[in-house]
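The structure appears below as C-alpha cells.
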Amino acid sequence: MHYIFPLLAVLAWAGNTVITKMSAASIEPTEIGFYRWLFAWLLLTPFVLRPTLRNWWRIRPHLLKIFIMGTLGMAMFQSLMYFAAQYTTAANIGIIQALIPAMSLLLAIMVLKQRLTLAAVVGAVTAFIGVLLVVSNGELLQLVQQGVNRGDGLMVLAVAAYALYSTLLKHWQLEISALQMLYLQMLAAIIVQLPLFLLQPKTGLNVDNLPLVLYACLAASMIAPLAWLHGVRLMGPSRIAIFFNLMPILSLFIAGLTLGEAIEFYHWIGTGIIVLGIVLAERWKGKGA
C-alpha cells in the first residue's frame, strides 16, 4: 500500500513532461513557469503562511540558502524544461530527466565529499552513454558531427540545476518542515521569474492553456511533491529512490499515447542503459576507486 505514494508522484511528474511539451504551442515558457508557482503558492498560503510566520525565527538565518534552492530546483529547472520543449520531444524530456540521480551522485562526491567508488564511476558513465544515445537519435557519430539539439542541451542544463539543488538540499539539511520549505522555495521561484515574466511577450491565459497551467500547478507542483514526501516518511529515502527510475519509461508511454510521438528503438535502448547506470551506481557495492 505504501507504494501508491511514490507511484502517484512519479506518474504525475511523467505526465508533466507531456504537459510541458503541449504548453510549447499554447503559452509562452515564461508565463507557464511563473503562473505554475504563483497559483501553487497562493493555494498553499491559507494553510502554510501562519505556521511559517510562527517558525520565522528558525527560517530567517537560512533565507539565502532557501532562495538559492528555490532558484535552482524550481525556477531554473522547470523554466529550462519549458524552453527545451520548443525544440525537443516529450519523450526526450522524460528520458534526459533520468540522468538526475547519476548527476546528483557525482555532485555528492564533489560537494559532500562522499567516497568515490567504482560503482559510482561506472554507473554515472553508463547513464551518460544512455543520454548520448537518446540526444543523438541513436546515431552517436551524428552527435559528433552536428552537436546536441538545442532542446536536449537545455534539458541537460535543467537536469544539472536540479541535481545541484538535490545536493545542496542534502548538504545543508535545514531544520525546517518539508511543507514550509516547499512554500518558501515556491516564493523564491516567483521572485526570480517575475522580471522575465514582466518583460517577455505574453499569450495570456485561455481555455486552451489554462488546463495545462492547472495540471502543472496542482499535480506536478503540489500533489507529486507531497505524495513523494509522504512516501519518504513511510518507506525511507533509500527504498523510495528506485521509483524515480520509472520516470523515463512512463514518459515514453504517456508521450506515445497522448501526443502520438514516435517511440523509436533507440529510445528504449537509451532508457535501459540509463536505468542500468543508475542501478549500478546505487546498488552495486564496488571498491573505492
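Rule-based calculations on the coordinates, nothing more; no lab input. From a predicted model like this one, the values you see are computed outputs, not experimental measurements. As a convention, Cβ positions derive from the backbone with ideal geometry for all residues, glycine included, and neighbour counts pool all protein chains shown.
Along its principal axes, the chain has C-alpha extents of 53, 46, 38 angstrom, given from the largest down. Most mobile of 111, 125, 192 per a Gaussian network model of the chain (Cα springs, under 10 Å)? With Cα springs under 10 Å in the chain, the top fluctuation among 111, 125, 192 is at 111. Spread over its residues, the convex hull of the C-alpha atoms of region 5-69 is 130 Å³ per residue.
Residues of the chain were split at every exposed loop site, defined as chymotrypsin sites (Phe, Trp or Tyr not before Pro) in a DSSP loop with at most 15 other C-beta atoms within 10 angstrom, and the longest piece left, sites excluded, is 88-283. Using just its DSSP H runs of length 4 or more, each adding -39500 (n - 2.57), the chain gives a mean residue ellipticity at 222 nm of -23000 deg cm²/dmol after division by all residues. Taking a Cβ cut-off of under 13 Å around residue 198, the surrounding Lys, Arg, Asp and Glu residues balance to a net charge of -1, with basic ones at +1 and acidic ones at -1. Can you grab the distance from the C-alpha centre of region 184-213 to the C-alpha centre of region 59-118, Å, no decimals? Spelled out, the Cα-based centre of one part sits 20 Å from the other.
Taking the fewest neighbouring Cβ atoms within 10 Å as the starting point, the ordered list for 139, 28, 175 is 175, 139, 28. Annotation: the residues 100, 263, sorted from fewest to most other C-beta atoms within 10 Å of their own C-beta, follow the order 263, 100.
Here is what passes the span test in the chain: the DSSP H helices with alpha carbon length of 18 Å or more along the helix axis and a Kyte-Doolittle mean of 0.0 or above are 4-23, 29-54, 118-135, 150-172, 178-199, 265-283. With charges only on Cβ, +1 for K and R and -1 for D and E, what is the dipole size of the chain about its Cα centre, in debye, rounded to 20? Once rounded to the nearest 20, the dipole reads 1220 debye.
Neighbour counting of Cβ atoms within 10 Å sorts the residues 152, 208, fewest neighbours leading, into 208, 152.
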